[in-house]
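Please treat every number below as a calculation from the coordinates, not as lab data. Note that the coordinates shown come from a computational prediction; the quantities given were computed from them, not determined experimentally. Glycine also receives a Cβ, built like all others from the backbone with ideal geometry; neighbour counts cover every protein chain displayed.
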Amino acid sequence: MHLLLSGVVGSVAYGLAGPGSDVDRIGVFAAPTVAFHGLHPPKESVVSTDPDVTQHEARKWCRLALGGNPTASELAWLPDECYETRTGFGDRLIAIRSAFLSAPRVRAAYLGYAGQQFRKLESRGDGTFSSDVRRRTAKHARHLARLVHQGRLLYATGVLEIRLADPHWFREFGDRVADGDLATARALLVGAERDFDRIRTPLPDRPDEAPVERWLRDVRAAHLPPERGAR
């Protein structure tokens, strides 16, 4: 496994980390090219929980990013200080990050993931819950607000903001929803859907797969075994 690009993502990258926050990492790796020719292809993802690290094989990551997956895509948009491994292929991936974007997939992915967070909030019950459940409720609410904010900005500008400009607002929003104000979370999600309807996006209808294909083919070529007898 050859790690091409990796970094710290999640609450640390967003500027939302607190004293008890986990440190999440995501990476892109290249499996040896010949490994795809045998009976058992290489794993597409390698996940560990201690520490929290998710690594995707190059083709898997490209498929996720082309689909607008927010968790995978943010790796290509991190602040410089969040990168821990950054090879030449990693730099090239960052350079073509806009090629992965398309208006329909960005809208569907960010509103879809935000909707998942809202459903988690709805399922919390009658409002009588432990401090641990309250903490998780606040976390889901922050994720909802962040996804709405990032998706709306990406849809409007073509730029994915990772480090939030006003993290205090997102923390307050999470606490307010955890205190029982589910209507505020619902209003935020409904408002985001209206905003996506009215925004004139610069994003294309389809991602530009040509530079992605070139990058992936170059990765495969670079990870072939040396020819026998080559010096």
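What the Cβ-Cβ distance of T49 and D132 gives, at R0 = 22 Å and to the nearest 0.05, is a FRET efficiency of 0.75.
Compute the FRET efficiency between R217 and A156 as 1/(1 + (r/R0)^6), taking r as their Cβ-Cβ distance and R0 = 30 Å, and round to the nearest 0.05. Let's see the in-between values first.
Details: r = 33 Å, r/R0 = 1.09.
Rounded to the nearest 0.05, the efficiency is 0.35.
Applying Stokes-Einstein at 10 °C and 1.306 mPa s to the Kirkwood radius of the chain, computed over alpha-carbon pairs, gives a translational diffusion coefficient of 83 µm² s⁻¹.
How far, in nm, would the chain grow between S21 and T87 when pulled straight, counting 0.36 nm per residue and subtracting the alpha carbon separation? Don't skip to the answer; put the middle values down first.
Numbers: separation 66, 0.36 × 66 = 23.76 nm, distance 2.80 nm.
Full extension from S21 to T87 adds 21.0 nm.
The Cα atoms of the range 1-134 give a gyration tensor whose axes a ≥ b ≥ c have a/c of 1.5 or more with a/b greater than b/c, which makes the shape prolate.
Karplus-derived 3J(HN,Hα) values for the range 103-120, using 6.51 cos²θ - 1.76 cosθ + 1.60 with θ = phi - 60°, are 4, x, 6, 5, 4, 5, 5, 6, 5, x, 5, 5, x, 4, 5, 5, 5, 5 Hz; glycine and proline are entered as x. Work out how much length L39 to T71 would gain on full extension: take 0.36 nm times their residue separation and subtract the Cα-Cα distance, in nm to one decimal. Contour length minus the Cα-Cα distance gives 8.5 nm. The protection proxy used here, the mean number of other Cβ atoms lying within 10 Å of each residue, ranks peptides 107-113, 191-197 as follows, highest first: 107-113, 191-197. Please work out the Kirkwood hydrodynamic radius for the range 63-178, using every pair of different C-alpha atoms, and report it in angstroms with one decimal place. This gives a value of 15.5 Å. Between the helical axis of 182-198 and the longest alpha-carbon principal axis of the chain there is an angle of about 50 degrees. Per-residue Karplus couplings for the range 17-25, computed as 6.51 cos²θ - 1.76 cosθ + 1.60 with θ equal to phi - 60°, are listed in order as 5, x, x, x, 6, 6, 10, 9, 10 Hz, Gly and Pro entered as x.
Summarising the amide proton neighbourhood of F29: residues at separation of 5 or more, or on other chains, whose placed amide H is nearer than 5 Å comprise L4, H56, E57, A58. Taking θ as phi - 60° and the Karplus parameters 6.51, -1.76 and 1.60, the scalar couplings of the range 160-176 work out to 9, 7, 8, 6, 5, 5, 9, x, 4, 4, 5, 5, 5, 4, x, 5, 5 Hz in sequence order, x denoting glycine and proline.
Over the range 103-231, all Cα pairs binned in 5 Å intervals from 0 give whole-percent P(r) values of 2, 10, 17, 16, 14, 10, 8, 6, 6, 5, 3, 2, 1, 1, 0, listed from short to long. Over the C-alpha atoms of the range 181-231, the Rg to Rh ratio, Rh being the Kirkwood estimate, stands at 1.46.
Rounded, prolate or oblate: pick one for the range 134-194, where a ≥ b ≥ c are the square roots of the eigenvalues of its C-alpha gyration tensor, a/c under 1.5 means rounded, and failing that, prolate if a/b is larger than b/c, else oblate. All intermediate terms of the calculation are to be shown ahead of the outcome.
Numbers: a/c = 2.71, a/b = 1.53, b/c = 1.77.
Oblate.
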